[in-house]
Amino acid sequence: MATIVGTRSALFYRKVAGALATIQDAKTQTGNVFFVDSAVGTDGGDGSTPDTPFATIDYAIGKCTANQGDMIVVLPGHAETTTAITMDKAGIKIVGLGEGASRPAITGDAVADVITVTSANVLIENLRFVTPTAAVTALINVAANRVTVRGCVFELGANIVDAITITAAGELPVFEDNEVVVTADGPDSWLKFEGVVDRPIIRRNHIVGTDGTNAFDDGVIDFDSVAVTNPVIYDNVFADNDVAVTVAANVGAITGEVIGPNKYGLVAVNVDNTGVTLASFGANSITAAAIAAGAIDAATFAAGAIDAAAIGAGAIAADAFAAGAIDAAAIANGAIDAATFAADAITEAKIADAALASEHFAASAGEKTTDGIVVTRATAALPQTTSAAIFTVTGHILLKRLVGNVTIAIGNVPNATKLKGNSTGAGATTDLCATLDIDNKAAGTRFEITGTFANAMVATVDVPLAKVQAADIVIPPGTIDLDCAGSDGGGGRAKWSVTYVPLEAGASVVAA
């Protein structure tokens with residue numbers, strides 16, 4: 001017969017005074033098990049079965065023996081309002097049972113730390129920390145090494161500043177699989193390091209850093225500018241409710257960090273590359289020559305990844321680009337508009353001779369014609385018994401044509417109207433035409449001038465008409481004004497367009 005060598009099992013038989021014996025797995029539990037339930041428990045009782053539980057966690061801790069693997073099982077629905085719980089027995093576990101809102105709920109009720117951990121190698125698992133009734137100094141204060149906080153829920157309201165604080169004695173802590181949500185204005189951080197701590201691990205946590213209006217005042221993790229060494233932060237989700245959230249605050253002194261990959265909301269600050277900052281690079285440490293041709297192309301960047309605000313003034317100089325490095329085809333339509341450039345960002349002196357040739361520009365409809373440049377002023381009310389500028393002229397221009405279109409009928413009142421050139425120089429204001437009474441002009445009526453100052457402004461119904469202005473007019477710097485002798489109460493409206501040719505560099509016409 002074969003000899004049976006193995007006669008021992010990982011399962012063992014435990015007698016419980018006053019209760020049924022139990023079979024336990026030595027791989028997970030070798031010490032005593034105490035139960036806590038506020039609904040039916042009594043401190044001073046037995047506490048060894050779910051039917052005879054203790055009433056409070058702190059009392060159960062006092063019944064544990066250090067370093068023999070004792071465990072406190074907190075039953076579903078347990079609700080404990082406490083001024084202080086001290087985990088001063090090394091190697092014990094506090095494990096809550098239940099899911100969601102049935103998890104054991106802990107409510108702080110004093111200006112103090114709700115749970116203070118002063119002994120090493122302990123576990124806090126599956127507890128629910130609700131908003132305290134007093135301004136607590138922390139929900140958990142970690143003041144011993146190798147503490148694990150796992151699968152807990154932190155509901156952070158107005159009476160919480162820093163939810164978990166870690167002192168210099170709290171080496172090698174682990175925070176994993178927790179749920180964190182800000183529910184009101186007040187919290188500064190979820191985790192705050194108060195001293196130099198080595199190798200903290202922060203992983204697989206789901207943090208909603210705002211209530212939709214208020215975010216953590218400092219950050220989800222506040223390193224408080226202390227020299228935390230070798231922190232590991234990965235597989236976390238940092239949600240933000242579309243409110244800016246700082247994930248890691250005051251990181252300047254940390255060293256040896258491993259951060260990422262994590263997931264971030266749209267406006268949560270990505271810290272996966274916290275260790276790489278601009279200050280890490282010396283001047284000219286990255287130059288154009290250091291980057292191979294084609295190493296970075298348009299496909300490398302997501303839409304909107306780099307915008308004007310991300311580039312400081314003078315960050316890219318004209319001489320940084322080789323001839324032909326950027327051509328028209330490389331720039332999407334609308335990628336660069338006037339608002340992108342500061343005043344005088346592009347001047348004549350900055351553009352090489354012949355850099356911009358006439359063949360580079362197409363004459364687009366509504367902007368250029370064979371007669372010149374067309375500028376249109378949007379429809380507006382007429383001046384009321386006064387003169388008002390309709391176009392502003394810079395430099396000297398050649399006026400080829402000036403056309404007005406009635407868009408809303410003009411009131412039936414006498415209204416002698418003319419156009420004037422109003423010089424800002426030494427010249428006087430000059431009538432560009434004689435007056436025309438425009439009272440009762442219907443929508444669709446068109447106004448033009450002949451180019452002869454003594455001739456009245458011409459009005460015609462909206463039908464095809466040969467060009468009226470026979471003579472071109474040189475207009476000096478100033479304004480082109482519309483002068484109305486009468487008032488129709490502002491009911492009538494007209495839009496105007498001007499066709500002109502610049503007579504000197506920089507000459508232009510814009511709607512006034």
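The values are calculated or read from the model by the stated rules, or taken from the named source; none is laboratory data. This structure is a prediction, so every number in the text was calculated from the model and none was measured. Note: ideal-geometry Cβ built from the backbone for every residue, glycine included; neighbour counts use all protein chains shown.
This table checks each residue for (1) more than 19 Å from residue 265 (Cα to Cα); (2) modelled with pLDDT under 95; (3) not hydrophobic (A, V, I, L, M, F, W, C).
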| position | (1), (2), (3) |
| --- | --- |
| 176 | yes, no, yes |
| 204 | no, no, yes |
| 207 | no, no, no |
| 228 | yes, no, no |
>> Checking the structure you have, find out if any residue of region 449-458 is of a type outside the set (Gly, Ala, Ser), in a strand (DSSP E or B) and buried (at least 16 other Cβ atoms within 10 Å of the Cβ).
In response: no
> Going through region 488-510 one residue at a time, which ones are crowded, with 16+ Cβ neighbours inside 10 Å, small (Gly, Ala, Ser) and more than 17 Å from residue 374 (Cβ to Cβ)?
Replying inline: 492
>> Which numbered condition in (1) modelled with pLDDT under 95; (2) assigned to a strand (DSSP E or B); (3) not hydrophobic (A, V, I, L, M, F, W, C) is the only one that residue 481 fails?
In response: (1)
> Do the conditions hold for residue 436, that is, is it crowded, with 16+ Cβ neighbours inside 10 Å, without any contact (Cβ under 8 Å) to a residue 24 or more places away in the chain, in the same structural domain as residue 389 (by TED's automatic domain parsing) and in contact with a strand residue (DSSP E or B) (Cβ under 9 Å, 6 or more places away or on another chain)?
Replying inline: yes
> If you check 498, 461, which single one turns out to be over 10 Å from residue 396 (Cα atoms) and over 54 Å from the mean Cα position of the chain (by Cα)?
Replying inline: 461
> Would region 95-109 turn up any residue that is more than 42 Å from the chain's Cα centre (by Cα) and farther than 19 Å from residue 139 by Cα?
Replying inline: no
>> Within region 426-433, does at least one residue satisfy the condition of being assigned by TED's automatic domain parsing to the domain that holds residue 380, in contact with a strand residue (DSSP E or B) (Cβ under 9 Å, 6 or more places away or on another chain), modelled with pLDDT of 95 or more and part of a loop (DSSP other than H, G, I, E, B)?
In response: yes
> So is residue 207 in the same structural domain as residue 151 (by TED's automatic domain parsing), in contact with a Pro (Cβ under 9 Å, 6 or more places away or on another chain), in a strand (DSSP E or B) and of a type in the set (A, V, I, L, M, F, W, C) or not?
Replying inline: no
> Among the listed residues 47, 77, which satisfies the condition of being within 43 Å of the chain's Cα centre (by Cα) and on the phi > 0 side of the Ramachandran plot?
Replying inline: 77
> Looking at 115, 160, which is the one that is assigned to a loop (DSSP other than H, G, I, E, B) and either crowded, with 20+ Cβ neighbours inside 10 Å or outside the structural domain of residue 76 (by TED's automatic domain parsing) (or both)?
Replying inline: 160
> From the list 463, 474, which residue is surrounded by fewer than 18 Cβ atoms within 10 Å (Cβ to Cβ) and not in a loop (DSSP other than H, G, I, E, B)?
Replying inline: 474
